[in-house]
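Values in this text are rule-based calculations from the coordinates and carry no lab data. For clarity, every value in this text was computed on a predicted model and none was experimentally measured. Glycine also receives a Cβ, built like all others from the backbone with ideal geometry; neighbour counts cover every protein chain displayed.
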Amino acid sequence: MTERTPRKQAPEATEPTDIRYDNARGRLEISWGDGYESAYGYEFLRWRCPCAACAGEMGRPGQLQFVKELRPEQYTLGSIQIVGHYALRPVWQDGHDSGIYAFDRLRQLSEDGAADLSERALKAEKDR
């Protein structure tokens, strides 16, 4: 009897192959199964927190709908956790950790995340 090592299937487009966070630049970077690269600013992600407290639920608004800007500790990343095989859970410095960002949702946000980073870079250039 011979043993066979199961072949790993190629990762799907919405499956990350590498996840990096860069606190110095304030961004999360993801390499996807199809070779696509995404980057998201921490503040961008916090504004899009999918938890009920932030985003609202059952027709009730979330707390982020009532603020115009976030405090730095609300978008400074403390750590990040993998949730099963489908999502990330950021733990923000203010202690908030109930937002679970599904990989497919992060992939959908890729273009908006890139646009946000570009806008912030242009603003920073102008402010110099």
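Worth a mention:
- Helix-only mean residue ellipticity at 222 nm for the chain, each DSSP H run of n ≥ 4 adding -39500 (n - 2.57), per residue, nearest 500: -7500 deg cm²/dmol
- By the beta carbon rule, with partners counted only under 4.7 Å, the chain holds these lone Cys residues: Cys51.
- Peptides ranked, highest mean first, by Cβ atoms within 10 Å: ranges 98-104, 70-76: 98-104, 70-76
- Label-reachable residues, segment 37-52, where backbone N falls under 20 Å from a point 7 Å from Ala13's Cα toward its Cβ: 37-40
- For the chain, the longest principal axis of the C-alpha atoms and the axis of helix 110-127 are separated by about 40°.
- Distant-in-sequence amide H partners of Gly78 (H built 1.01 Å from N, under 5 Å): Val91, Trp92, Gln93
- Across segment 40-47, rounded Karplus estimates of 3J(HN,Hα) from the backbone phi angles (6.51 cos²θ - 1.76 cosθ + 1.60, θ = phi - 60°) give 9, x, 4, 5, 3, 5, 5, 4 Hz, Gly and Pro being marked x.
- Among the trypsin sites (Lys or Arg not before Pro) within segment 9-61, those in coil by DSSP and having at most 13 neighbouring Cβ atoms inside 10 Å are Arg25.
- Glu29, Glu119, Glu125 arranged by Cβ crowding within 10 Å, fewest neighbours leading: Glu125, Glu119, Glu29
- Gain upon complete extension [Ala53, Ala102; 0.36 nm per residue less C-alpha separation]: 15.9 nm
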